[in-house]
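Worksheet: the structure to be examined is printed underneath.
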Amino acid sequence: MVMNILKLSFIIIFLFSFQDSEDITLKKEFLIGTWVNEDESTRNITRCEIKYDEGKFFVKIWGACSPQDCYWGEKSSNNIKRKTGKIEILWDHGFSENYQYISSNGQNLFIKTECTYKDDSGRPDFTINDMFIRE
């Protein structure tokens, strides 16, 4: 019985050691900063700024528009997936919803955008993967 309790305690300690805050802090530091799309002629997201304050991420996004980029606004999220280190954000533009999954490998920022149209325009929904470099 004592041996089983010790084994169970060891397993619990082992499992929690992979969910420590150091790992999340490291990924958080990978995400914070000002990022520009590696494709200078993109017709998608051109710029992203990420800050972290009081347990929340603050994300600003700009999309390709003419004559200047369109500012989507700022969203806050304390929703970072522990195992993937991705920030999840929903942008509701009225005519469409854009779910974004933001991650980084420390060198580049990756934004996966899943767009769903709600305006009965007949436009097809789409998914785009963009890669960004630090500005």
(Q) Residues to consider are I11, I45, I5; find the one that is at pLDDT below 50 and not hydroxyl-bearing (S, T, Y). (A) I11
Q | Inter-residue pairs, beta-carbon under 6 Å, first free of Cβ contacts under 8 Å to residues at least 24 places away in the same chain and in the stretch 119-135, second hydroxyl-bearing (S, T, Y) and assigned to a strand (DSSP E or B), 6+ apart | A | R123/Y117; D125/T116
(Q) Being at pLDDT 90 or above, out of contact with any Lys or Arg (no Cβ under 8 Å at 6 or more places or on another chain) and of a type in the set (G, A, S) is the requirement here; does G94 meet it? (A) no
Q: Find all pairs meeting these conditions: Cβ atoms under 6 angstrom apart; at least six residues apart or on different chains; first residue within the stretch 16-37 and closer than 29 Å to T113 by Cβ; second residue of a type in the set (A, V, I, L, M) and at pLDDT 55 or above.
A: L31/I50; I32/I50; W35/L109
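The values are calculated or read from the model by the stated rules, or taken from the named source; none is laboratory data. Keep in mind that what you see is a predicted model, and the values were worked out from it rather than measured. Note that we place each Cβ from the backbone using ideal geometry, even for glycine, and neighbour counts take in every protein chain shown.
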